[in-house]
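First the structure, in the form of structure tokens, and then the observations on it.
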Amino acid sequence: MGPFLLKRILTLIATLIGASIVVFLVLEILPGNAAEIMMGADASPEAVQALAEKLGLNQPAWERYWDWVVGMLTGNLGDSYAYSSPVSELMLERMTLTVPLAIIAMCLTTALALMVGIYAAARHNKLGDVGLMGLTQVGIAIPNFWFAILLILLFSVKLQWLSAGGFPGWSEGLGPALRSLLLPALSLAVVQAAILARITRSAVLEVMREDYVRTARAKGLSQRATLWGHVLRNAMIPVITIMGLQSAELLAGTIVVENVFYLPGLGRLIFQSIANRDLIVVRNCVMFLATMVVVVNFIVDVLYAVIDPRVKASDI
């Protein structure tokens with residue numbers, strides 16, 4: 001396990017370095033003056049020059065990149081131009097909403113997908129299978145922002161069970177906070193659950209056709225015992241792969257969903273910072289989201305080796 005884990009850690013570090021270079025190049029090295037973009041086209045040359053000196057844009061590119069990387073490692077991300085406060089404080093404040101929202105959405109996605117996928121595979125080509133796969137096809141076609149609006153119309157406007165938006169804060173209690181995140185998490189989860197359910201069904205059906213599964217059935221094991229005891233573990237590798245990819249989709253989806261539900265999370269901060277031309281905040285937020293995606297995929301790689309030791313052995 002040691003060489004396998006070391007190789008994955010080195011890959012993780014290399015990927016993060018590559019991601020930081022790409023983010024830096026896109027936001028700071030491409031043609032155009034970042035200070036002029038922030039100040040707007042009508043700003044005076046003196047104001048643009050003053051902001052450029054404040055942001056260190058008059059320094060060489062390699063020096064600015066190095067200062068940014070050192071700042072990320074030490075927790076000094078600089079100060080927001082629009083909010084006049086440290087970027088690290090802004091991000092930490094918003095992450096207390098976005099991270100729980102993404103976790104809740106991922107838990108809902110996994111629970112819904114596994115239930116639907118396993119149920120459909122166990123009833124292959126029967127009415128339940130065909131009906132559920134039809135519903136998942138509809139779920140894949142629905143954009144999460146449109147589904148979010150439908151949820152608001154049903155549960156907030158018509159039934160008046162849940163709030164249409166806003167976040168009371170964790171200080172108001174766990175119950176009210178979770179209630180305000182339920183509809184946003186559901187709107188994020190439904191589309192991803194539809195995709196994952198189809199992958200789960202296909203993976204379970206593929207494993208169920210293996211010889212050892214037929215042998216287990218021939219020995220007298222029930223379909224339920226065979227499914228839970230022999231099929232699921234071997235079917236989980238493609239499922240975990242998609243879950244790792246979906247973590248990126250969920251994080252990206254928060255940008256839209258948080259604006260639909262007026263939630264003060266990291267996604268809304270990115271949207272507001274783009275509108276305010278606050279490139280410092282955009283750069284650090286994008287790098288944080290990229291780091292989250294890379295770390296999740298690292299965890300997925302480690303889970304491969306835990307679930308199927310053959311993956312670890314073939315990679316050393």
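Using a 1.4 Å probe on the protein heavy atoms, what percent of the accessible area of the chain belongs to carbon and sulfur?
67 percent
Quote to one decimal, in nm, the extra length available between Gln272 and Leu10 on full extension: 0.36 nm per residue of separation minus the C-alpha distance between them. Don't skip to the answer; put the middle values down first.
Details: separation 262, 0.36 × 262 = 94.32 nm, distance 3.49 nm.
Separation in residues times 0.36 nm, less the Cα-Cα distance, equals 90.8 nm.
Tabulate in residue order the Karplus-calculated ³J(HN,Hα) for segment 285-302, using 6.51 cos²θ - 1.76 cosθ + 1.60 with θ = phi - 60°, rounded to whole Hz; enter x for Gly and Pro.
5, 5, 5, 5, 5, 4, 5, 4, 5, 5, 5, 4, 5, 5, 4, 4, 4, 5
Kindly sort Met106, Met115, Met208 by accessible area of their heavy atoms, largest first, with the probe set to 1.4 Å.
Numbers: Met106 35, Met115 125, Met208 55 Å².
The ordering from most to least exposed comes out as Met115, Met208, Met106.
Between Ala218 and Met133, what's the calculated FRET efficiency when r is the beta-carbon distance and R0 is 25 Å? Round to 0.05. Could the numbers behind the result be given before it?
Values: r = 29 Å, r/R0 = 1.15.
That gives a FRET efficiency of 0.30.
So how do Leu112, Leu183 rank on accessible area, 1.4 Å probe, biggest first, that is with the largest at the start?
My answer, sorted largest first, is Leu112, Leu183.
Do you know the relative contact order of the chain, to the nearest whole percent, from alpha carbon pairs under 8 angstrom that are 6+ apart?
Over the chain, the number comes to 26 percent.
Suppose all protein chains stay in the model; what accessible area per residue would a 1.4 Å probe give for segment 160-316, in Å²?
48 Å²
Report Rg/Rh for segment 56-174, rounded to two decimals, where Rg is the Cα radius of gyration and Rh the Kirkwood radius.
Here Rg/Rh amounts to 1.17.
Could you state the orientation-averaged shadow area of the convex hull built on the Cα atoms of the chain, in nm² to one decimal?
21.2 nm²
Send over a whole-number figure in Å² for the accessible area per residue of segment 86-131, probe 1.4 Å.
Spelled out: the 1.4 Å probe surface of segment 86-131, per residue, equals 48 Å².
Pull up all non-local amide H partners of Asp79: gap of 5 or more, or a different chain, and H-to-H distance under 5 Å with H placed in the peptide plane.
Residues meeting the amide H criterion: Val87.
The values are calculated or read from the model by the stated rules, or taken from the named source; none is laboratory data. In this text the structure is predicted, and so the values were computed from the model without any measurement. Quick reminder, even Gly has a Cβ in these numbers, built from the backbone with ideal geometry, and neighbours come from all protein chains shown. Accessible surface is based on the protein model in full, side chains and every heavy atom, while ligands, DNA and RNA are left aside. Shrake-Rupley method; radii C 1.70, N 1.55, O 1.52, S 1.80 Å.
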